[in-house]
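Note sheet for the following structure.
The values are calculated or read from the model by the stated rules, or taken from the named source; none is laboratory data. On a predicted model such as this, the values are computed, not experimentally measured, just so you know. With ideal geometry, Cβ positions are generated from the backbone for all residues, glycine too; neighbour counts draw on all protein chains shown. Quick note on the areas: whole protein, heavy atoms, side chains included, nothing else; ligands and nucleic acids left out. Shrake-Rupley method; radii C 1.70, N 1.55, O 1.52, S 1.80 Å.
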Amino acid sequence: MAGIYACDTVMKYINIYEGTVGFIPMVNIQAFKQNVRGVGVDLNQVFPGDKNGKIYEERLAYEFMDFVKEFNPDYVINLHEAWTKFDENLYGKQKDKSFGQTFITNSETFSDYLVRSNLNTNKYIPNPEYKFRIQYFPFKANHSMDNIIDKLKIPSYTVETLRTLPLADRIKYHELCILTFIEECGVKFTYWK
Ligand SMILES: [Zn+2]
């Protein structure tokens, strides 16, 4: 939810003069319109999708993968939200749960780029409670991030904000993360609001 508004905001105010950035504010537009997680199923459970799938999300996942393949970016950043804040104890018990205020990665894509982006994002977050943590997530064959990494060989990371925070704050966090990731991969831009 916050990722959609953050994308819209960044698209409105960014002026890119070197490099290329593609924004997809919303993937499952039908689900958003109906205010549900998925029309048939949760989109993030059916990757890499199926061109002739019976379920809407299966076809959508396929189209999304096809689009990313064609666009062929250096990195793909996914914008998500989670209901529980990162907690060392919970993480120890549930490594395959998404936590809020994290950058999610898997072992193949843990990189200097991710660490740099994480450090630079956190510089702008004074409250240590809300600084982003890097979380290692086990490989999931049906998730978008893992399919982008595995099938398309493109490094991909997921930003998870904490959904219990006010929407305005979550949008600001996503906006900050988008700009930092863009900056750290060498895209040159100005940003005036
Ligand atoms: Zn997520």
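Among the residues of segment 59-74, none is identified as over 21 Å from residue 114 (Cα atoms), open to solvent by 100 Å² or more (accessible area, probe 1.4 Å) and in contact with a Pro (Cβ under 8 Å, 6 or more places away or on another chain). Under 6 Å by Cβ, and 6 or more places apart or on different chains, what pairs join a residue from segment 70-89 that is within 13 Å of the ligand (Cβ to nearest atom) with one that is part of a strand (DSSP E or B) and of a type in the set (A, V, I, L, M)? Once the first residue is within 13 Å of the ligand (Cβ to nearest atom) and sits in segment 70-89, its partners that are part of a strand (DSSP E or B) and of a type in the set (A, V, I, L, M) give 79/159. If you check residue 173 against the conditions, is it out of contact with any Asp or Glu (no Cβ under 7 Å at 6 or more places or on another chain), within 16 Å of the ligand (Cβ to nearest atom), open to solvent by 10 Å² or more (accessible area, probe 1.4 Å) and within 27 Å of residue 16 (Cα to Cα)? Yes, satisfied.
Kindly indicate the residue of segment 1-57 that is in a strand (DSSP E or B) and hydrophobic (A, V, I, L, M, F, W, C) and also farthest from the chain's Cα centre (by Cα) among those meeting that condition. My answer is 16. If the condition is being out of contact with any Asp or Glu (no Cβ under 9 Å at 6 or more places or on another chain) and either hydrophobic (A, V, I, L, M, F, W, C) or open to solvent by 50 Å² or more (accessible area, probe 1.4 Å) (or both), then segment 31-56 contributes 32, 33, 34, 35, 36, 37, 54, 55, 56. Quick check: anything in segment 121-138 in contact with a strand residue (DSSP E or B) (Cβ under 6 Å, 6 or more places away or on another chain) and within 13 Å of the ligand (Cβ to nearest atom)? The answer is yes, given that some residue of segment 121-138 is in contact with a strand residue (DSSP E or B) (Cβ under 6 Å, 6 or more places away or on another chain) and within 13 Å of the ligand (Cβ to nearest atom). Remark: residue 153 matches the filter, which requires a residue to be away from the ligand (no atom under 14 Å from the Cβ), closer than 20 Å to residue 182 by Cα, assigned to a loop (DSSP other than H, G, I, E, B) and open to solvent by 60 Å² or more (accessible area, probe 1.4 Å).
For segment 156-177, enumerate the residues that are assigned to a helix (DSSP H, G or I) and in contact with a strand residue (DSSP E or B) (Cβ under 7 Å, 6 or more places away or on another chain). If the condition is that a residue be assigned to a helix (DSSP H, G or I) and in contact with a strand residue (DSSP E or B) (Cβ under 7 Å, 6 or more places away or on another chain), then 170, 173, 174, 177 are the ones that fit. Given the criteria touching a residue at least 40 places away in the same chain (Cβ under 8 Å) and either within 23 Å of residue 64 (Cβ to Cβ) or not in a loop (DSSP other than H, G, I, E, B) (or both), does residue 120 qualify? Spelling it out, residue 120 is indeed touching a residue at least 40 places away in the same chain (Cβ under 8 Å) and either within 23 Å of residue 64 (Cβ to Cβ) or not in a loop (DSSP other than H, G, I, E, B) (or both). The conditions of being touching a residue at least 60 places away in the same chain (Cβ under 8 Å), more than 13 Å from the chain's Cα centre (by Cα) and surrounded by 15 or more Cβ atoms within 10 Å (Cβ to Cβ) are not met by residue 160.
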